[in-house]
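Bear in mind these aren't lab numbers, they're just calculated from the coordinates by the rules spelled out. The model shown is predicted, which means the values in this text are computed figures rather than measured ones. We place every Cβ from the backbone using ideal geometry, glycine too, and count neighbours over all the protein chains shown.
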Amino acid sequence: MSAGGEQDSATVYDFIDRVLECDPGQRVVAIKALSLNEEFFRDHFPGMPVLPGAMILEGLVQSARHCLQQKTGRADWVLRSVKGMRFNRFAVPGEVLRLEADFDKDDDGALWFKGKAEVDGVGVGRLRFALVLFDTPPAGS
C-alpha cells in the first residue's frame, strides 16, 4: 500500500511464492508450493484435488508482470490473449510448481511470452500469452 492507502500493484491475490530468476522484460522463473490448504483445492475436485489450469495461467501472468514491472516501473500489465494452452499432467498438493515465462515478441504493444509450468522437471502445461498495459486500447481501435 502507498502512504495514501491506494494499492501499489495491479495484483491483489499473490499466487507465486518466490521469484528465482528475473531478467527484466526477457525471462522470469518463479515457484509456487502447492498446499492442500489452498482454497481452490476444496472444489477442484472433491476427493481428487488438482490445480486448476486457470491458476497456472495466473501464476505465469503474475511472474511475467513482476519482471516487466522491474523493467518499466509499471505494475498495471494485464492479460490480453492466450494461445495454445495445453496440459500434460495434473499438479497436486505437496508439489512445487515451477513457472517459466520467456519474452517472445512485441506485437504493437502486446508483449507475448512463451510460458510453461513444471513439477520436478516434468511438464504440467505450456502456452503463449500476451500482456498489455491497462490503458492500451485493443489493436485496430
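Only helices enter the 222 nm calculation for the chain: every DSSP H run of n ≥ 4 contributes -39,500 (n - 2.57), and dividing by all residues gives -5000 deg cm²/dmol, rounded to 500. Normalised radius of gyration (Cα atoms, divided by 2.2 N^0.38 Å) for the chain: 1.07.
Within 10 Å, count the other beta carbons around each residue, average over each peptide in 25-33, 39-47, and list them highest first.
Numbers: 25-33: 18.6, 39-47: 11.0.
Taking the mean over residues of other Cβ atoms within 10 Å, the ranking is 25-33, 39-47.
Tell me, what is the percent relative contact order of the stretch 18-133, built from C-alpha pairs under 8 Å that lie six or more residues apart? After rounding, I find 29 percent. For the chain, the longest principal axis of the Cα atoms and the long axis of helix 53-72 meet at an angle of about 40 degrees.
Label sites at SER35 and VAL96, each approximated as a point 7 angstrom past Cα along Cα to Cβ, lie 1.5 nm apart. Shown in residue order for the stretch 21-29 are the 3J(HN,Hα) couplings computed by the Karplus curve 6.51 cos²θ - 1.76 cosθ + 1.60 at θ = phi - 60°: 8, 8, 9, x, x, 10, 7, 9, 10 Hz (x for Gly and Pro).
Ranked for footprinting exposure by Cβ neighbours inside 10 Å, fewest first, ILE56, ILE16 give ILE16, ILE56.
Taken about its Cα centre, the chain carries a charge dipole of about 460 debye when Lys and Arg each add +1 at the Cβ and Asp and Glu each add -1 at the Cβ.
For LEU133 and GLU21, a Förster radius of 22 Å and the Cβ-Cβ distance give a FRET efficiency of 0.40, rounded to the nearest 0.05.
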